[in-house]
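Enquirer: I am attaching a structure below and will ask some questions about it afterwards.
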Amino acid sequence: MIKNQHIPIMANEILSFIDGKKKLSILDCTFGGGGHSKKFLESGHFVTAIDQDDTSLTIAKELKKNYSNIIFYKSNFKNIDLLELNIKKFDLILLDLGYSSNQLEDSNIGLSFKIDSYLNMNYLGGDLNAFRIINYYNKKELQRIFNVYGEISQADKLANYIVKQRSLKKITTNFEFVEVLRNSGVNFRSKKIHFATQAFQALRIESNGELENLTIFLKKVHDFLGINAYLAIISFHSLEDRLVKNYFRDNKIKKNKDFQNYKNWGYEILTKKPLTATKFELLKNNRARSAKLRVGRFIN
Ligand SMILES: C[S@@+](CC[C@H](N)C(=O)[O-])C[C@H]1O[C@@H](n2cnc3c(N)ncnc32)[C@H](O)[C@@H]1O
């Protein structure tokens, strides 16, 4: 039984870019609970959807009963070039990064520090998980991920403490790890968020290769965009948003083309600053609070 259909974030903002256009081919690379895809289908567009998640596959099958114009591929979006998609060039490609509400509540995945579960955190079905990272990464590697992915300033202190604790007993569950964090003596950044947030974020990013997936995808995506197509990306943490921002900046179409570095495509950046959810949306969906939407128009 699928409990949650995902509430699509900034759906109106995304639709506003294609307002009035009919029967577009849209590639939703993070189908999740199908929230965005359903909006596109309701507006009469054709949807090609990708997600690595089995529940997404089930939701897509359900959606297909009411809308014939959807085709689903179960895959990691970083492998977009290996998929032999039904359409070669799209009018809009969407990435709504991270995990779905279903995945957050799934105790087999264990993304939440509020649900006691085995230390997994891999929501993409890969081999790496938080248990392996916490119990087998060396001190330097632990320090790196907590520093870079968790932005924890006392990452060295935390890494030292974890190494000491795991030598006494393996750290196996989310709640055990929360206790390790609590007793580590590390000063976590903010009083506004739960003290485990940053460390859990770091483990999740590492377990799923989130930044690597996005980096690989961004190297390939231009091959799938038609003339004047839109690339819309919603990110949820600053590391992801920086990758997206730099990607658009580095590939911004130049008015006076620099012929030395000339390539025959680029983006018109349509969101000088990233769009964020309105107060009204935040009232309905708290998860939208950290979302940032950047959109570019593909020119070639
Ligand atoms: C925030 S949810 C998307 C929600 C969706 N837009 C909706 O409205 O229902 C993110 C989804 O992206 C998927 N995802 C994240 N990274 C992925 C990757 N590298 N390859 C394939 N799917 C990925 C997750 O499995 C999750 O279902």
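Enquirer: Restricting attention to the range 143-157, and to residues there that are within 16 Å of Phe195 (Cβ to Cβ) and within 20 Å of the chain's Cα centre (by Cα), which single residue is surrounded by the fewest Cβ atoms within 10 Å (Cβ to Cβ)?
Expert: It comes out as Glu151.
Enquirer: Could you check, for the range 34-54, whether at least one of its residues is within 8 Å of the ligand (Cβ to nearest atom), among the polar types (S, T, N, Q) and touching a residue at least 40 places away in the same chain (Cβ under 8 Å)?
Expert: yes
Enquirer: Do we have Asn69 as within 13 Å of the ligand (Cβ to nearest atom), under 26 Å from Ile9 (Cα atoms) and either surrounded by 14 or more Cβ atoms within 10 Å (Cβ to Cβ) or of a type in the set (Val, Ile, Thr) (or both) here?
Expert: no
Enquirer: So how many residues does the range 171-212 have that are outside any loop (DSSP other than H, G, I, E, B), buried (at least 20 other Cβ atoms within 10 Å of the Cβ) and not β-branched (Val, Ile, Thr)?
Expert: Number satisfying all stated conditions: 14.
Enquirer: Restricting attention to the range 42-76, report how many residues are among the acidic types (Asp, Glu) and assigned to a helix (DSSP H, G or I).
Expert: Here the count works out to 3.
Enquirer: Moving on to the next point. Taking the condition of being assigned to a loop (DSSP other than H, G, I, E, B) and either among the basic types (Lys, Arg) or in contact (Cβ under 8 Å) with a residue 12 or more places away in the chain (or both), how many residues in the range 4-26 meet it?
Expert: The total comes to 12.
Enquirer: Does the range 102-115 include one or more residues that are within 23 Å of Val244 (Cα to Cα) and surrounded by 22 or more Cβ atoms within 10 Å (Cβ to Cβ)?
Expert: no
Enquirer: Is it true that some residue in the range 15-32 is within 15 Å of the ligand (Cβ to nearest atom) and surrounded by fewer than 21 Cβ atoms within 10 Å (Cβ to Cβ)?
Expert: Yes, the range 15-32 has at least one match.
Enquirer: Take the residues in the range 213-232 that are in contact with a Lys or Arg (Cβ under 7 Å, 6 or more places away or on another chain) and part of a helix (DSSP H, G or I), then tell me which one is surrounded by the fewest Cβ atoms within 10 Å (Cβ to Cβ).
Expert: The selected residue is Ile216.
Coordinate-derived values only; no laboratory data. This structure is a prediction, so every number in the text was calculated from the model and none was measured. Heads up, the Cβs are rebuilt from the backbone with ideal geometry, glycines too, and the neighbour counts pull from every protein chain shown.
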